[in-house]
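What follows is a single structure, written as structure tokens, with notes after it.
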């Protein structure tokens, strides 16, 4: 009897101990599991993004922008053994990729018209069929401002090519408001400034006059504001360096701040003040916030992530945490999806691909 009484509690204790141990092991596995099977497209800290999908696979793909009906994307890509970017369209699942530019020269900055019957992009093909030479990086990291860039329109199938600009100098970085107004960057007056014009290229109006680079403009959803990136040299040395590079059709984009202005160029105000390279700003549908790319959190300035900020400069919040490059964000017309370019999940070091995600407030 004593033996049976002794054995029963021992068995009970062992059973409870085993159960506790099992629960601890299972709990440990449950906690570590997300790290073991982590989605290569998304990092845990990226709380504003869900269901990230990769749409392109390999090469250089960037500046993907939605059509007005939210069913297509237009983007620039170096692919098919070409030496520089051409313009392509695709559906939101990455299928039906189709080249819509001429295949000659270098192209950039494509966009759908609101009615869906035309698209625009900038191209150097009238200057030469070959790709223009890449900038000389012996001068440091610089962007080339090719003077042969002009703005063109075509039908969505690439037919009916028409030239919108013909003034000497760089014309590019064009986007279109939901009301059909164009905003773009041009060197037609000797400096890199922002201009607007009608959808047919008429009634050109200069909006910025400050010495320095003003570019990459995007409209607010209501067409009343423009967000852009800018570098305004302040010291005499900064001014002389900027002008010297400009004579060589180059700029050094290491310091760019985000700015806002009204559609007529009035009420200019600076949004960011971090002295870093901030670019690719885009309005939230509510017109009260901006999403943009920046290297502000990388001391070496090499890693770019996406951030959001209120139009008054408050409420800065980091969106992506990839350790290479995230940029060129754009919301879908309904604000439910975000498309962006990234080096994440690259098969080859330096590959930039297009990704789409659900936006989580």
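Candidates are the residues of segment 313-345 that are free of Cβ contacts under 8 Å to residues at least 40 places away in the same chain and part of a loop (DSSP other than H, G, I, E, B); the one that is nearest to the chain's Cα centre (by Cα) is 343. Taking segment 31-147 as the region of interest, the strands (runs of 3 or more DSSP E) fully inside it that hold 3 or more residues being touching a residue at least 12 places away in the same chain (Cβ under 8 Å), surrounded by fewer than 17 Cβ atoms within 10 Å (Cβ to Cβ) and assigned by TED's automatic domain parsing to the domain that holds residue 241 are 49-54. When restricted to residues that are more than 20 Å from residue 218 (Cβ to Cβ) and surrounded by 18 or more Cβ atoms within 10 Å (Cβ to Cβ), segment 304-345 contains 3.
Does residue 196 qualify as being at pLDDT 95 or above and not in a strand (DSSP E or B)? In short, no. Right, residue 267: over 15 Å from residue 173 (Cα atoms), within 23 Å of the chain's Cα centre (by Cα) and surrounded by fewer than 20 Cβ atoms within 10 Å (Cβ to Cβ) or not? So residue 267 fails the test. The residues of segment 290-308 include none that are more than 16 Å from the chain's Cα centre (by Cα) and under 25 Å from residue 195 (Cα atoms). Could you tell me whether segment 152-159 includes any residue that is free of Cβ contacts under 8 Å to residues at least 40 places away in the same chain and not in a strand (DSSP E or B)? Yes, segment 152-159 has at least one match.
The values are calculated or read from the model by the stated rules, or taken from the named source; none is laboratory data. None of the values given here were measured: they were computed from a predicted structure. Cβ coordinates were reconstructed from backbone atoms using ideal geometry, including for glycine residues, and neighbour counts include every protein chain displayed.
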